[in-house]
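Visitor: Input: one structure, supplied below.
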Amino acid sequence: MAQADPSQSTGKDTGTNPAEGFGLFKVDLADHLNDSTIQRLSTLLGLKPGEIDSIKRSKTPGLEMVNLLEDRGIITPTDITDLLKMLSKLKLDGLAERIQSSFQTKTSQGKKDQNLEEKKRDLIKYSKIAYRKHYETAKPFPSMSKCSVNIIFVEGGIYYLAQEGDSMQKPDVLEPLESYNDILSSPKTKSMRKIIEADPGFGKSTLASQLVYDWCTEDPESPLKDVEILIFLQLRQLTGVNSIYTAIKNSIVPKDEDMDEACIEKILKAYKKSVVMLFDSYDEYPDKNETETDIFSIIEMKMFLDILVIILTRTLNLPPNLHPETKRIRLTGFGVAERRNYVLKAVADDVQLADRIEEQLQRNPFLRDLCQVPLFSTMVAHIAHERPEIEIFSTVTRFFTYVIACVHNHMVIKKDASTGVPAFETELAKLYRIAFDGLTQKNQQLTWENTYLVSELGQEFYDNYIKLGMLAQEVIFDISQCRYKTVARIWHKIICEFYASHHLVWILSEGASSAASSINVKETLNSINPLDLQYVYRFACGLNKSAADIIVKHLQETEEGRQFAILCMLEQEEKSDQFIQSVKDLVSSEISISKYDAILLQRSTIQVLEVASAKQIPISCVFLDLCSPRVDESGLNLILQSGLSLSILSSLQKLVIYDIGRTLTNEEFAAILSYSSQCTSLKELRFDFYDLPDTIPVGSIPSSLKSRNVKVWSNSYPDRRLNLQTGEWQLCDVWGNLPGEERFHDKSYQESLAKFNRARRK
């Protein structure tokens, strides 16, 4: 399908105005005038013989006569009465009737097109007014004043997912994009459907706001500069709205204007070549379980095939049934340069401040890794601007507890004189429950009517939280009640998860107290999807040790939960016996570290492995997925592509290193053998899809590998195993077994051996 490239579109499809309608009529009229009719009209007009002869000798005599009729005022863009009278006088009533019908059809269509053009201009005007309120009210930190998004927007890493992995032979391939504008204009991302995905806090909504800002201000550098109509919808606001036209009317068109859904439909269909749709917060879309909506039809390319549609969502919450042409773009967060750019652009034009913040982050590795997430990085930057030192944090929970405390410092909390307990403690507990109930519903509720929150929390608490920025108000249309209403939402979904985690801790504490209520605990945990609500689990584990034990045990029961169990375990600052047992359970099966894992997850996984090694807990298998490891100069660490290092793991039993298109030199291979030999419990070292040296000098093979008869082999065609005594490769089966060893297939071996020997002779 051809791509409607926003960077090249003129966006000036203006339709047909009344003058053009009259022009079409004149062409039609000329076709109706044959030689006989032209002769009779010429006579009736009193033309001289020479004038009549000139018309007849013309290549287009009908058009010549039409121009003459227009010059003499017999036909005008608004009236052809005189022409009809002339035709009637010539007894050409049938022709007069056809010409009158043509005039009415052509000119009325022109009027309709002119009206539609005016309506289109109105929709553009309404859109820019509605969007301005959105992009001018950005808040990088809850207690800060609102500002325009272009003041705080800083580009992080942006990658195009060039190939979706579906097997070990076909992993995901991420190709960098130079700028966020490449999302629209790069040939790599050419498609009518694009997904922008990222983990929580990585700036999806900020990027959406920047794109809206570029369109509204007609930024000459933006591919959107020539796009006439941008439809920007926040899907979290579309509860129960099945029609895209209803969504646009209620989100963009002022309620006192007469533009209805039918008019919006006509505009979009007439000008579809210059329309772009931007859908933010799919992961918060309340109706994402109701697939019979226009939103899903559009995403799946069952509707608006010629309109470019961009959807923003969390990485682990992609829409189902994506069209094969859909291109995926991933945001990967901030590095040192991006953190520095943000400080200088959005916090203060102060090089010393930027240097101080980076120096403190370098002394705090956990916080530095945490600041890969742009949301956390901006929080740290604004806190550091007000405080000379940044606290040392070892968990996300401690960091967020500190952030919330900083925000509360902007509000004077009244205290009971007798108890010294904050007067808002009860209200906060209610807010925790509201947040938890909203997140764990089948259709998540992330906004609440302001009257409900006031009735639950009290006017004073509500007003203070609005002033702090922890609650944000907005006006939306309630389709079920056919009215506009004021709703409030918690500033960011991660903050909502932080509040909800407090209520989860309360539930687990209550549930752990009796066997009867433990069933409710299980039901509660089953209602919390770790793929969507990982921070609810992580915060709860950091807040309460007993809750952490229950959560980690629950997560380890499922394959998808094991990854998050690692993050949850590291939220516990005190390493209890239950923590050690959780480590044992986790490392009893394969542990994967992937190139595509966030830095924080990689570091957390490594920490768990190091704990297991220090406690001499057997580590079943470590799988390094496209991490391109190399051994450092000391020979004691594997340096991963992310820059993190994996130290000697004395209890590691199996190491698998998977990479594609990488060739290991003799020196690099020998270094990995040396590192592996120091993992004293290692039984197997496997290389997947590596180009390995043909022969290995016997002297470079550590004696400890030989004495322990460690299985060193390559799981790629042909499967080969290293003879540790000779340095030669031997054909093996798909489990690394040699002839005579258990599970080796003789027939398969003989066939592979023949092919291998033929290849070597060549």
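Visitor: With the condition being more than 35 Å from the chain's Cα centre (by Cα), I'd like the strands (runs of 3 or more DSSP E) fully within region 610-700 carrying at least 2 qualifying residues.
Guide: It comes to 684-691.
Visitor: Hey, among THR246, THR206, THR239, which residue is hydroxyl-bearing (Ser, Thr, Tyr) and in a loop (DSSP other than H, G, I, E, B)?
Guide: That would be THR239, the only listed residue that is hydroxyl-bearing (Ser, Thr, Tyr) and in a loop (DSSP other than H, G, I, E, B).
Visitor: Continuing with the same structure: So how many residues does region 428-443 have that are of a type outside the set (S, T, N, Q) and surrounded by fewer than 18 Cβ atoms within 10 Å (Cβ to Cβ)?
Guide: Residues that pass the stated criteria total 6.
Visitor: Residue check: is SER681 at pLDDT 85 or above, in the same structural domain as ALA614 (by TED's automatic domain parsing) and surrounded by 15 or more Cβ atoms within 10 Å (Cβ to Cβ)?
Guide: Working: at pLDDT 85 or above: yes; in the same structural domain as ALA614 (by TED's automatic domain parsing): yes; surrounded by 15 or more Cβ atoms within 10 Å (Cβ to Cβ): yes.
It is true that SER681 is at pLDDT 85 or above, in the same structural domain as ALA614 (by TED's automatic domain parsing) and surrounded by 15 or more Cβ atoms within 10 Å (Cβ to Cβ).
Visitor: Suppose we keep only residues that are within 30 Å of GLU474 (Cα to Cα), among the polar types (S, T, N, Q) and not in a loop (DSSP other than H, G, I, E, B) within region 499-547. Which one would you say is modelled with the highest pLDDT?
Guide: Per the criteria, the residue is SER501.
Visitor: Read through the list (1) under 14 Å from the mean Cα position of the chain (by Cα); (2) over 16 Å from ARG328 (Cα atoms); (3) of a type outside the set (S, T, N, Q), then give the number of the only condition that ALA198 fails.
Guide: (2)
Visitor: In region 300-328, which residue that is outside any loop (DSSP other than H, G, I, E, B) and either under 15 Å from SER281 (Cα atoms) or free of Cβ contacts under 8 Å to residues at least 40 places away in the same chain (or both) is farthest from the chain's Cα centre (by Cα)? Before the answer, list the steps.
Guide: Taking region 300-328 and keeping what is outside any loop (DSSP other than H, G, I, E, B), we get 308-314, 327-328.
In the following step, the residues that additionally are either under 15 Å from SER281 (Cα atoms) or free of Cβ contacts under 8 Å to residues at least 40 places away in the same chain (or both) were identified as 309-314.
Working: VAL309: 13, ILE310: 9, ILE311: 7, LEU312: 4, THR313: 4, ARG314: 5 Å.
Only one residue tops the list, namely VAL309.
Visitor: Got at least one residue in region 469-476 being under 25 Å from the mean Cα position of the chain (by Cα), over 30 Å from GLU261 (Cα atoms) and in contact (Cβ under 8 Å) with a residue 24 or more places away in the chain?
Guide: yes
Visitor: Only one of these is part of a loop (DSSP other than H, G, I, E, B) and buried (at least 16 other Cβ atoms within 10 Å of the Cβ): GLN360, GLN372. Name it. Steps first, answer last, please.
Guide: Values: GLN360 fails: part of a loop (DSSP other than H, G, I, E, B).
Going through GLN360, GLN372 in turn, just one is part of a loop (DSSP other than H, G, I, E, B) and buried (at least 16 other Cβ atoms within 10 Å of the Cβ): GLN372.
Table: residues versus (1) of a type in the set (Val, Ile, Thr); (2) part of a loop (DSSP other than H, G, I, E, B); (3) crowded, with 16+ Cβ neighbours inside 10 Å; (4) out of contact with any His (no Cβ under 8 Å at 6 or more places or on another chain).
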| site | (1), (2), (3), (4) |
| --- | --- |
| GLN445 | no, yes, yes, yes |
| ASP463 | no, no, no, yes |
| ILE466 | yes, no, no, yes |
| ILE476 | yes, no, yes, yes |
| GLN481 | no, yes, no, yes |
| TYR484 | no, no, no, yes |
| GLU497 | no, no, yes, yes |
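Visitor: Pick from region 16-31 the residues that are modelled with pLDDT under 70 and crowded, with 18+ Cβ neighbours inside 10 Å: which of them is farthest from LEU95 (Cα to Cα)?
Guide: Among those residues, the one meeting the criterion is THR16.
Visitor: Could you say which residue among ALA262, ALA247, ALA208 is surrounded by fewer than 20 Cβ atoms within 10 Å (Cβ to Cβ), among the aliphatic types (A, V, I, L, M), touching a residue at least 12 places away in the same chain (Cβ under 8 Å) and within 22 Å of TYR126 (Cβ to Cβ)? Before you say what the answer is, go through the steps one by one.
Guide: Details: ALA247 fails: surrounded by fewer than 20 Cβ atoms within 10 Å (Cβ to Cβ); ALA208 fails: surrounded by fewer than 20 Cβ atoms within 10 Å (Cβ to Cβ).
That would be ALA262, the only listed residue that is surrounded by fewer than 20 Cβ atoms within 10 Å (Cβ to Cβ), among the aliphatic types (A, V, I, L, M), touching a residue at least 12 places away in the same chain (Cβ under 8 Å) and within 22 Å of TYR126 (Cβ to Cβ).
Visitor: I would also like to ask the following. Looking only at region 647-665, count every residue that is within 16 Å of GLN607 (Cβ to Cβ) and either aliphatic (A, V, I, L, M) or modelled with pLDDT under 90 (or both) and tell me the total.
Guide: 4
Visitor: Can you say whether ASP122 is more than 30 Å from TYR402 (Cα to Cα) and free of Cβ contacts under 8 Å to residues at least 40 places away in the same chain, as far as the supplied structure shows?
Guide: no
Visitor: Considering each of VAL343, VAL336, VAL380, VAL373 in turn, give the residue that is within 25 Å of the chain's Cα centre (by Cα), under 23 Å from VAL407 (Cα atoms) and free of Cβ contacts under 8 Å to residues at least 24 places away in the same chain.
Guide: Working: VAL343 fails: free of Cβ contacts under 8 Å to residues at least 24 places away in the same chain; VAL336 fails: under 23 Å from VAL407 (Cα atoms); VAL373 fails: free of Cβ contacts under 8 Å to residues at least 24 places away in the same chain.
Result of the check over VAL343, VAL336, VAL380, VAL373: VAL380.
Visitor: Now for a different question. ILE295: among the aliphatic types (A, V, I, L, M), within 23 Å of the chain's Cα centre (by Cα) and farther than 12 Å from LEU123 by Cα, yes or no? Steps first, please.
Guide: Working: among the aliphatic types (A, V, I, L, M): yes; within 23 Å of the chain's Cα centre (by Cα): yes; farther than 12 Å from LEU123 by Cα: yes.
Answer is yes for this residue.
Visitor: Considering only residues that are in contact with a Ser or Thr (Cβ under 6 Å, 6 or more places away or on another chain), assigned to a helix (DSSP H, G or I) and in contact (Cβ under 8 Å) with a residue 60 or more places away in the chain, which ones fall in region 211-236?
Guide: If the condition is that a residue be in contact with a Ser or Thr (Cβ under 6 Å, 6 or more places away or on another chain), assigned to a helix (DSSP H, G or I) and in contact (Cβ under 8 Å) with a residue 60 or more places away in the chain, then LEU235, ARG236 are the ones that fit.
Visitor: Something else about it: State yes or no: is GLN602 part of a loop (DSSP other than H, G, I, E, B), in contact (Cβ under 8 Å) with a residue 24 or more places away in the chain and either more than 21 Å from LEU543 (Cα to Cα) or of a type in the set (A, V, I, L, M, F, W, C) (or both)?
Guide: So GLN602 fails the test.
Visitor: Out of the residues in region 415-443 that are part of a helix (DSSP H, G or I) and farther than 18 Å from ARG489 by Cβ, state the one that is modelled with the lowest pLDDT.
Guide: Per the criteria, the residue is GLU425.
Visitor: Kindly establish whether ASP82 is in contact with a Leu (Cβ under 9 Å, 6 or more places away or on another chain), of a type in the set (Asp, Glu) and more than 15 Å from ASP35 (Cβ to Cβ). Reasoning before the result, please.
Guide: On the way: in contact with a Leu (Cβ under 9 Å, 6 or more places away or on another chain): yes; of a type in the set (Asp, Glu): yes; more than 15 Å from ASP35 (Cβ to Cβ): yes.
Answer is yes for this residue.
Visitor: For region 119-158, which positions are farther than 28 Å from ALA384 by Cβ, at pLDDT 90 or above and of a type outside the set (Gly, Ala, Ser)?
Guide: LYS119, LYS120, ARG121, ASP122, LEU123, ILE124, LYS125, TYR126, LYS128, ILE129, TYR131, ARG132
Visitor: Which of the residues that make up region 188-212 are more than 24 Å from ILE490 (Cβ to Cβ) and of a type in the set (Ser, Thr, Tyr)?
Guide: Scanning region 188-212 gives THR189, SER191.
The values are calculated or read from the model by the stated rules, or taken from the named source; none is laboratory data. None of these values were measured; they are calculated from a predicted model. Reconstructed Cβ throughout: ideal geometry from the backbone, glycine too, with neighbour counts over all protein chains shown.
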